[in-house]
Amino acid sequence: MSMTLTLLLSAVAGCAAIGYFFWQHARREIVGGRQPLNDEDLIKQFAAEVPPSAILDVLKLIGECYGIPYAKIRPDDCLMQDYSKADSWRFDLGAERLDEALRTGFNIVVPGNLKSMRIRELVLLVANAPKR
């Protein structure tokens with residue numbers, strides 16, 4: 001292996017490690033200090049008119065897409081302002097996964113020009129979506 005290729009691979013590996021470190025740091029900034037809540041306590045934080053299963057489905061989906069424990073997600077968290085900080089280190093992979101899951105699973109398209117969307121608003125949107 002040539003010296004140039006070795007240096008290039010080392011640089012790529014170093015950048016990947018740094019990116020992963022910053023992604024983990026940003027993720028901890030969002031939910032790291034929170035205590036996980038059990039499902040019942042999570043449900044209590046949302047509007048009573050939303051079925052508990054819809055709340056948990058959305059929280060689990062968000063957690064899966066963004067790599068965040070769903071029990072640490074709160075209704076007033078903002079997808080665009082809070083979660084995008086962690087997601088930017090993954091080239092918005094979480095947002096893309098969430099958009100795709102909402103489109104295929106619930107036939108919902110979140111407008112791309114939104115400046116803010118709280119988790120509570122997304123739960124209401126999913127709960128009120130026409131059933132497939």
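Residues that are at pLDDT 90 or above and touching a strand residue (DSSP E or B) at 6+ places or on another chain (Cβ under 9 Å) were ranked within the stretch 78-120; the one that is surrounded by the most Cβ atoms within 10 Å (Cβ to Cβ) is I119. In the stretch 27-44, the count of residues that are at pLDDT below 85, part of a helix (DSSP H, G or I) and surrounded by fewer than 17 Cβ atoms within 10 Å (Cβ to Cβ) is one or more. For the stretch 49-76, a residue qualifies if it is more than 10 Å from the chain's Cα centre (by Cα), assigned to a loop (DSSP other than H, G, I, E, B) and either at pLDDT 85 or above or within 15 Å of R118 (Cβ to Cβ) (or both), and the qualifying residues are V50, P51, R74, P75, D76.
Among the residues of the stretch 49-73, the one identified as farther than 14 Å from L122 by Cα and of a type in the set (K, R) is K72.
The values are calculated or read from the model by the stated rules, or taken from the named source; none is laboratory data. Nothing here was measured: the structure is a model prediction, and the numbers come from that model. Methodologically, a virtual Cβ is constructed for each residue, glycine included, from the backbone with ideal geometry; neighbour enumeration extends over all protein chains shown.
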